[in-house]
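Everything on this sheet refers to the single structure shown next.
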Amino acid sequence: MSNTGLYIHVPFCAKKCAYCDFYSGSYSRKDSDDYTDAVIRNLRHYAAESLTADTVYFGGGTPSLLSGEQLKKIMDEINRGFTLSPDAEVTLEANPSTLTPEKLKSIHEAGVNRLSIGVQSMSDSELKFLGRNHTAERAAKAVTDAQDSGFSNISCDLMIGLPGQTPDSVYSSIDALSRLDIQHISAYILKVENGTPFDCDEVRSLLPDDEETSDLYLAMVNTMEAHGFMQYEVSNFAKSGFESRHNCRYWKCEDYIGIGPSAHSCHGGKRFAVESNTREFIESPVQNITITDDSPCGFEEYAMLRLRLKEGLDLRRVPEHRLDIEKKLPQLMREGYINYENDIVSLTAKGFLMSNSVIEYLIF
Amino acid sequence: MANEKIRNFCIIAHIDHGKSTLADRILEKTETVAIRDMEDQLLDNMDIERERGITIKARAVRLKYTAKDGEDYIFNLIDTPGHVDFNYEVSRSLAACEGAILVVDASQGIEAQTLANTYLAIEHDLEVVPVVNKIDLPSADPERVCTEVENVIGIPAMDAPKISAKMGINIEEVLERIVTDIPAPKGDTQKPLKALIFDSYYDSYKGVIIYVRVKEGTVRVGDNIRLMATGAVFNVVEAGFMDANSLVNNGSLEAGEVGYIAASIKSIGDTQVGDTVTNDDEPCDEPLPGYRKVNPMVFSGIYPADGAKYGDLREALEKLQLNDASLSFEPETSVALGFGFRCGFLGLLHMEIIQERLEREYNLDLITTAPSVIYKVTMTNGEVQYIDNPTNYPDPALIQTAEEPMVKASILSPSEFVGNIMELCQDRRGIFKDMKYLDDTRVELHYELPLNEIVYDFFDVLKSRTRGYASFDYEMLGYTPSKLVKLDILLNGDVVDALSFIIHTDKAYSRARKIAEKLKENIPRQLFEVPIQAAIGGKIIARETVKAMRKDVLAKCYGGDITRKKKLLEKQKEGKKRMRQLGTVEVPQEAFMSVLKLDS
């Protein structure tokens, strides 16, 4: 019996954020019911494999648009078709404005034990730029209500590289979140994705340049660590023991099954993706998948993912590439991009900022 | 056909003064080409020629004209290259004619090139028939231009035909002048064969086709001919003339005629322009005067941007050489650029044309090194070396004297720009010789200039400083001692051989600074800082730094779409393949090219 993680993609949003290119569409109660049924059908499809799930992750979209009842139906099906570990990490991504005390209670009762709240910033002007429909105060309220409802593992998202953002405002946001006694922060650098409403000169002209963004990132990493949030991945920081177990599956080439439109899987020795089409997902007896890689986790992929993690790449695990890699290390160390200790190569904060180039240089 | 009914002539004109258009009108009027078959500027059949409005290779066409006297005449129109790089070819084309039509733009007057070619025609005893073109333009001033022709060239011009080739005005008058003013060819058909090669090209079915002017004797199909400079002997398969679109095998060519010979000749190297064709069984006593072998003056390394295309580049050069004996190339290797060829050209335009043809006709993406001239270096042990590649420049300690080639330059310009021109020529180490006024508004300046000062961008800069009005022509003068140094460019501490060049000491500092700046602009920021240095010997004289890039990260990594992430990385890696990897430094193709375009 093997272990896996379940990723459920919830493709609904009350309002699409102008910077977001994840797959989602508008919400209706009817669609969300049909969607829930389709998720259940697909979970059943895997039942025959007798898998143990030790992480479940509701991502989106806005998973918190699902009702407690719908979430419960899905969790019940997971319990029926899989062995859910007693200490399973069950995460739900949530928009602060959807998190009423009642909602939080029903989510918790459904079996969700970790929340990833899309706070993005604790500065109202930055939130306004992002077009979020909540304020810093509303976000803080969502966190404390969640804690009152029994959640003791809460992550908040933070965005850096915003217009007018300074190392001080980044400090303030992190400090404010830290005071709320949360366990985890994901901090992403805003990237203008092609085809999103942000993909225009007016927005680009407002954004800090690469130099400024780099400074913000480095200030952010320092502030995080000063507040006890230790970096464990390019964009992820946690209090000790609160690293996202589900996300670590991605970075450690472990098994995961994705259900829902646009969801990705790495399961049974293959990577595959579900068509980004909610209607099709709802109507198909089993979701349509496309294999994207039939021999995943080769050296390049393994090294690429490992180097995104603070724990780094253990060269003893890649003996046939060791010599090639070691030759390149001195210059990278001189430049302050990496650390190399006990056979393990790991990126510094400066190295994470240049991770594409550093990784490409090391593995190709 | 009796000789007195033949007229052999060429057209001399400055670029854009309407040579090709006039040629087209003549072809049309003589009904050589049905009007519906006319393509504008028929004689220029290479794409590049048509676009640049210049003629690269000489060509000849035979036309039939019924004159007002009721007689039928044969016209042989020999098209000549208009550019100084092809000066020798021009002189051979002129030697094939008895007359030249001088086309002058009715608003712009005489230009340097026209003047040089007209003098050349007069030297060859050609009858020059001036024609004033573009009289339809509002700015046309035919009277002034006629006066200028009389004053400057010293030939009567007041009754010159005033025409518009574009509008087809007064073309008949030009045709009549050809009949009345240009003498018929002389020559004895019974004497031993003596024919001048003025052009040749390679035909994949017939082998080399040589264009000749028969001066004496007769050549017939079946004859054994000897090319006197090379000594090669061939059997004539075809002899005839060219109509506008094809070769017409006539079986023979006689003294006075212009035509072609096909003799299953495999290599164009055997058919040197200027050489004399004679009969192998009954040879003439001595060849026609004026033959010389053409030597390349300007050299440059040509490399495929994609190293895998080396074979394609070789093949393309070989094919171009079939038609262009003046192009030389030999393999060379560069640490920076890999495998390529050192190519020799007659001049700058010739170089540009070859590069453009390689890129356009053979679809090659090229990296070209800075053009170099041939330096003459006398070593301390007395040995003399000719250096056309800066990489091979000897250790200065072993050099006794270094010499560089000089040219005699002639510049024609409206007088208001004289100050600008003098400044430019002085800046290019020019030695002022003389200046004379052609009329109230136009001057001719003579300078001696080092060839290496004009191989980069002299003409471009001259044009921009004279709002496009100046024209420029040069001829080789020989070598003069000079204070030369080899300037090396280092990236990350390593010399990049493809960027080295030889330069006069006084110019080294400013050039070094400019190159370092250009490279800084054109080398993208990357993982590691890139120090750029320029050095003479071991001494660094300029320095710039491309700072390391700071941010290159995919921050977002969830939803588990690892395949996309990996592909992005692979794509980034692919993108860098288009750059040259020099140690850890990635240098884009543009960086190599940018140093060729230093603004002055």
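The values are calculated or read from the model by the stated rules, or taken from the named source; none is laboratory data. Nothing here was measured: the structure is a model prediction, and the numbers come from that model. Here the Cβ positions follow ideal geometry from the backbone for every residue, glycine too, while neighbour counts run over all protein chains shown. For accessibility, only protein heavy atoms count, side chains too; no ligands or nucleic acids. Shrake-Rupley method; radii C 1.70, N 1.55, O 1.52, S 1.80 Å.
Of note:
- Placed amide H near residue B:215: partners under 5 Å, 5+ positions off or other chain: B:194, B:195, B:196, B:256
- Heavy-atom accessible surface of the stretch A:2-250: percent carbon and sulfur, 1.4 Å: 50
- When DSSP beta bridges are restricted to pairs lying wholly in the stretch A:2-250, around 15% turn out antiparallel.
- For chain B, the longest principal axis of the Cα atoms and the long axis of helix B:142-153 meet at an angle of about 80 degrees.
- When all protein chains stay in place and ligands, DNA and RNA are ignored, the 1.4 Å accessible-area order of A:224, B:158, B:297, largest first, is B:158, B:297, A:224.
- Neighbours of residue B:413, meaning other residues whose beta-carbon lies under 11 angstrom from its beta-carbon, give a summed charge of +1 when Lys and Arg score +1 and Asp and Glu score -1.
- Taking all protein chains together and a 1.4 Å probe, the residues B:509, B:205, B:362 rank B:205, B:509, B:362 from largest to smallest accessible area.
- Computed from Cα positions, the angle between helix B:562-577 and the longest principal axis of chain B comes to roughly 50 degrees.
- Taking each DSSP H run with n ≥ 4 as -39500 (n - 2.57) and averaging over every residue of chain A yields -12000 deg cm²/dmol at 222 nm.
- In this structure, the amide hydrogen of residue B:480, modeled 1.01 Å from its nitrogen in the peptide plane, lies closer than 5 angstrom to those of B:404, B:406, counting only residues at least 5 positions away or on a different chain.
- What the protein assembly as shown shows is 41 Å² of accessible area per residue, with the surface traced by a 1.4 Å probe over protein heavy atoms.
- Apportionment of accessible area to carbon and sulfur, the stretch B:251-291, percent (1.4 Å): 43
- With DNA, RNA and ligands ignored, accessible area of residue A:19 (1.4 Å probe; Å², nearest 10): 30
- Reachable lysines, given that their alpha-carbon falls under 18 Å from the alpha-carbon of residue B:215 and they are not under 8 places away in the same chain: B:5, B:186, B:191, B:194
- Pairs from B:547/B:567; A:191/B:547; B:408/B:436; B:134/B:463 whose Cα-Cα separation, in the structure shown, is over 19 Å: B:547/B:567; A:191/B:547; B:134/B:463
- Carbon + sulfur, % of accessible area of the stretch B:167-207 - ligands and nucleic acids excluded, 1.4 Å: 48
- Of all DSSP-defined beta bridges confined to the protein assembly as shown, some 70% are antiparallel rather than parallel.
- Considering only beta bridges that DSSP places wholly inside chain B, some 85 percent are antiparallel.
- For chain B, calculated [θ]222 nm from helices alone, where every DSSP H run of n ≥ 4 adds -39500 (n - 2.57): -7500 deg cm²/dmol
- Residues losing 10 Å² or more accessible surface upon assembly, the stretch A:1-46, compared with the chain by itself, 1.4 Å: A:7, A:21, A:22
- Each Lys or Arg adds one and each Asp or Glu subtracts one; over the other residues with Cβ under 14 Å from the Cβ of residue B:444, this totals -2.
- On Cα atoms only, tilt of B:19-29 relative to the major axis of chain B in degrees: 40
- Solvent-accessible area of residue B:291, all protein chains in place: 80 Å² (probe radius 1.4 Å, heavy atoms, ligands and nucleic acids excluded).
- When the charge dipole of the stretch A:237-307 is built from unit charges on Cβ atoms (+1 for Lys and Arg, -1 for Asp and Glu) and taken about the Cα centre, the candidate among A:298, A:246, A:266 whose Cα reaches farthest toward its positive end is A:246.
- Cα gyration tensor shape for the stretch B:121-172, rounded if a/c is under 1.5, else prolate or oblate: oblate
- Averaging 1/r over each pair of different alpha-carbon atoms in the protein assembly as shown and inverting the result gives 34.4 Å, the Kirkwood hydrodynamic radius.
- Each Lys and Arg contributes +1 and each Asp and Glu -1, all at the Cβ; summed about the Cα centre of the stretch A:312-363, the dipole is approximately 80 debye.
- Protein-only accessible surface order, largest first, of A:93, B:216 at 1.4 Å: B:216, A:93
- Of the GluC sites (Glu not before Pro) in the stretch B:329-421, those whose Cβ has at most 13 other Cβ within 10 Å and which sit in DSSP loop: B:383
- Of B:520/B:571; A:72/A:103; B:433/B:483; B:577/B:597, those spanning more than 19 Å from alpha-carbon to alpha-carbon: B:520/B:571; B:433/B:483; B:577/B:597
- Taking all protein chains as they are arranged and a probe of 1.4 Å, the heavy atoms of residue B:438 leave approximately 20 Å² accessible to solvent.
- Selection among B:124, B:156, B:167 by position relative to the dipole of the stretch B:121-182 gives B:167 as farthest towards the positive end (Cβ unit charges, Cα centre).
- Charge sum, other residues only, whose C-beta stays under 15 Å from residue B:270's C-beta, Lys/Arg counted +1 and Asp/Glu -1: -1
- Gyration tensor verdict on the stretch A:233-328 (Cα atoms; rounded if a/c is under 1.5, prolate if a/b is larger than b/c, oblate otherwise): oblate
- Prolate/oblate/rounded call for chain A, Cα gyration tensor, a/c under 1.5 rounded: oblate
- Karplus 3J(HN,Hα) series, Hz, for the stretch A:95-100 with 6.51 cos²θ - 1.76 cosθ + 1.60 (x for Gly, Pro): 8, x, 5, 8, 8, 7
- Inter-chain Cβ neighbour average for residues A:344-356, partner chain, 10 Å: 3
- Under a model in which nothing but the beta-carbon of Lys, Arg (+1) and Asp, Glu (-1) is charged, the protein assembly as shown shows a dipole of about 2900 debye around its Cα centre.
- Amide H within-cut-off set for residue B:241, under 5 Å, with H built and near neighbours excluded: B:248, B:250, B:260
- In this assembly, the B-A interface accounts for approximately 3700 Å² of buried accessible surface in total, computed with a 1.4 Å probe and without ligands, DNA or RNA.
- Here the dipole of the stretch B:269-353 is about 620 debye; that uses its Cα centre as origin and unit charges on the Cβ of Lys and Arg (positive) and Asp and Glu (negative).
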